[in-house]
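Peer 1: Please read through the structure below; I'll follow up with questions.
The values are calculated or read from the model by the stated rules, or taken from the named source; none is laboratory data. Source: prediction; values computed, not measured. Cβ placement follows ideal geometry from the backbone for every residue including glycine, while neighbour counts extend to all protein chains displayed. Heads up: the accessible areas ignore ligands, DNA and RNA and are worked out on the full protein's heavy atoms, side chains in. Shrake-Rupley method; radii C 1.70, N 1.55, O 1.52, S 1.80 Å.
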Amino acid sequence: MPVYELEAISELLDSPKKISIVMHQRPDGDAIGSALGLAHYLKQLGHEIRVVTPTDYPDNLKWLPGTEEVIIGPEGPATKMIQSADVLMCLDFNDLRRIEPLDDAARQVPARIMIDHHRDPKDDFTHTFWDDEASSTAEMIYRLMDQRGELSLLNQEIATCLYTGTATDTGSFRFPATSSAVYRMAADFLDAGASPSKIHEALYSNDPEKRLRLLGHALANRLVVLPEYHSAYIRLNKEDVEQFDIQSGDTEGLVNYCLSIKGINFGAFMIDKDDMVKMSFRSKGDFSAQQVALLFDGGGHFHASGGRSKDSLVETERKLLEIISSKKEELNY
Ligand code: 5GP
Ligand code: MN
């Protein structure tokens, strides 16, 4: 059941405060878009705003209005910016472990507001606005503005940021959570000055050549298809990371190619990072990608989730294969 503590949250916003907005590690379009959209909105209400991310984010999001103000951690002023806030707004995550190592500082902030749409929210917050049926956190920021009767404050900057968050989290307005209300909201964003063609071009027609080369390599040499298990996965090793100079965001969306294969209901992606193997999971229909993510210290949504492993890439792949084979029946729905 959704949790809407909107009145208590709204009350906190009624008088000027020092507010820090923080999002999860490796932020995506919804995390950054909703955070910057909220920042532009709250500034109009007279608050002092800081936007903090625990880690860097992809270049194809670095054109968003306000991007130059984002404080990138975990080193530098990020911890202080969180500690010194009266209110911490936690966007697009629901478990403070998702902002490690900034989580200790976050726990010291007296008011910690969660605005999120992922499953299994944790008890780390003083105020909660949570709805796992929302298309995006950006949609929830729009609802917050609506609930406060302040949609008239929607300007081009806010609309551009929130459109970006919604578009990226709905796969360009096509995933099941894209309700008619989401399309109506998108119309409001357009009326306020958001330009879908410019936004989509900035997001998706701006790749460096190496990213396309990596895609070719991943599909030609690193894709494993298991038709009898209706599953496919891509794994990138340390040499791949080096050869293609893979940075944060370069592998975004790769996992989706697994699901584009006929008959495949579950796709996984794994990449050997310095300190862990980072994993992404996607599924279709009745099979839950989230249940697999939970076995890899992660979580997310039913059809899109992520996790990590401290084991080697080879060992992680072995464990994944074991899980896939144990779920053969469920995968063949
Ligand atoms: P992606 O595969 O695109 O990185 O993430 C898919 C979804 O799963 C996103 O909503 C993301 O926030 C969530 N997610 C990714 N990695 C993790 C993780 O390690 N833990 C949790 N709880 N969620 C994750
Ligand atoms: Mn999101």
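Peer 1: Considering region 109-131 alone, what residues qualify as being among the hydroxyl-bearing types (Ser, Thr, Tyr) and not in a strand (DSSP E or B)?
Peer 2: Here is the first cut: in region 109-131, the ones among the hydroxyl-bearing types (Ser, Thr, Tyr) are 126, 128.
Selection gives Thr126 alone.
Peer 1: Here's another thing I want to ask about it. For region 132-172, give me each residue that is open to solvent by 30 Å² or more (accessible area, probe 1.4 Å), more than 16 Å from ligand 1 (Cβ to nearest atom) and assigned to a loop (DSSP other than H, G, I, E, B).
Peer 2: Arg148, Gly149, Glu150, Asn155
Peer 1: Considering only residues of region 1-58 that are within 16 Å of Ile72 (Cα to Cα) and among the β-branched types (Val, Ile, Thr), which is nearest to the chain's Cα centre (by Cα)?
Peer 2: Ile32
Peer 1: Asp103: more than 21 Å from Tyr183 (Cβ to Cβ), at pLDDT 95 or above and under 19 Å from the mean Cα position of the chain (by Cα), yes or no?
Peer 2: So Asp103 passes the test.
Peer 1: Could you tell me whether Leu203 is in contact with a helix residue (DSSP H, G or I) (Cβ under 9 Å, 6 or more places away or on another chain) and more than 27 Å from His303 (Cα to Cα)?
Peer 2: When the stated conditions are applied, Leu203 does not pass them.
Peer 1: Might you check whether a residue that is assigned to a helix (DSSP H, G or I) and within 12 Å of ligand 1 (Cβ to nearest atom) occurs anywhere in region 318-326? Full working, then the answer.
Peer 2: As a first pass, look at region 318-326 and keep what is assigned to a helix (DSSP H, G or I): 318-326.
Next cut, within 12 Å of ligand 1 (Cβ to nearest atom) only: none.
No, region 318-326 contains no residue that is assigned to a helix (DSSP H, G or I) and within 12 Å of ligand 1 (Cβ to nearest atom).
Peer 1: For residues in region 277-298 being open to solvent by 40 Å² or more (accessible area, probe 1.4 Å) and without any contact (Cβ under 8 Å) to a residue 40 or more places away in the chain, which is farthest from Tyr204 (Cα to Cα)?
Peer 2: Among those that are open to solvent by 40 Å² or more (accessible area, probe 1.4 Å) and without any contact (Cβ under 8 Å) to a residue 40 or more places away in the chain, it is Leu295.
Peer 1: Which count do you get for residues in region 230-245 that are surrounded by fewer than 18 Cβ atoms within 10 Å (Cβ to Cβ) and in contact with a strand residue (DSSP E or B) (Cβ under 8 Å, 6 or more places away or on another chain)?
Peer 2: Residues flagged as surrounded by fewer than 18 Cβ atoms within 10 Å (Cβ to Cβ) and in contact with a strand residue (DSSP E or B) (Cβ under 8 Å, 6 or more places away or on another chain) within region 230-245 amount to 2.
Peer 1: Could I ask something else about it? State which residue is most open to solvent (accessible area, probe 1.4 Å) when the search covers only region 67-86 and only residues that are within 22 Å of Gln247 (Cα to Cα) and part of a loop (DSSP other than H, G, I, E, B).
Peer 2: Glu75
Peer 1: Right, here's the next one. Could you please tell me which pairs satisfy a Cβ distance under 6 Å, a separation of 6+ or placement on different chains, a first residue in region 54-65 that is over 20 Å from Ala194 (Cβ atoms) and assigned by TED's automatic domain parsing to the domain that holds Ile158, and a second residue that is of a type outside the set (Gly, Ala, Ser) and open to solvent by 40 Å² or more (accessible area, probe 1.4 Å)?
Peer 2: Pro54/Pro74; Thr55/Arg26; Asp56/Ile72
Peer 1: Now a separate question. In region 96-108, which residue that is in contact (Cβ under 8 Å) with a residue 60 or more places away in the chain and crowded, with 20+ Cβ neighbours inside 10 Å is nearest to ligand 2 (Cβ to nearest atom)?
Peer 2: Just the residues of region 96-108 that are in contact (Cβ under 8 Å) with a residue 60 or more places away in the chain, to begin with: 98-100, 102, 106.
Next cut, crowded, with 20+ Cβ neighbours inside 10 Å only: 98-99, 102, 106.
Details: Arg98: 12, Ile99: 15, Leu102: 19, Ala106: 19 Å.
Filtering first and then ranking leaves Arg98.
Peer 1: Take Ile261 and decide whether it is more than 16 Å from ligand 1 (Cβ to nearest atom) and surrounded by 18 or more Cβ atoms within 10 Å (Cβ to Cβ).
Peer 2: Numbers: more than 16 Å from ligand 1 (Cβ to nearest atom): yes; surrounded by 18 or more Cβ atoms within 10 Å (Cβ to Cβ): no.
In short, no.
Peer 1: Inspect all residues belonging to region 310-333 and state whether any of them is touching a strand residue (DSSP E or B) at 6+ places or on another chain (Cβ under 9 Å), open to solvent by 30 Å² or more (accessible area, probe 1.4 Å) and within 16 Å of ligand 2 (Cβ to nearest atom).
Peer 2: Checked region 310-333: no residue is touching a strand residue (DSSP E or B) at 6+ places or on another chain (Cβ under 9 Å), open to solvent by 30 Å² or more (accessible area, probe 1.4 Å) and within 16 Å of ligand 2 (Cβ to nearest atom).
Peer 1: Here is a follow-up. If we scan region 95-108, do we find a residue that is of a type in the set (S, T, N, Q) and part of a helix (DSSP H, G or I)? Spell out how you get there, then give the answer.
Peer 2: Restricting attention to region 95-108, the residues satisfying the condition of being of a type in the set (S, T, N, Q) are 108.
Among the residues that remain, those that are also part of a helix (DSSP H, G or I) are: none.
Among the residues of region 95-108, not one is of a type in the set (S, T, N, Q) and part of a helix (DSSP H, G or I), which makes the answer no.
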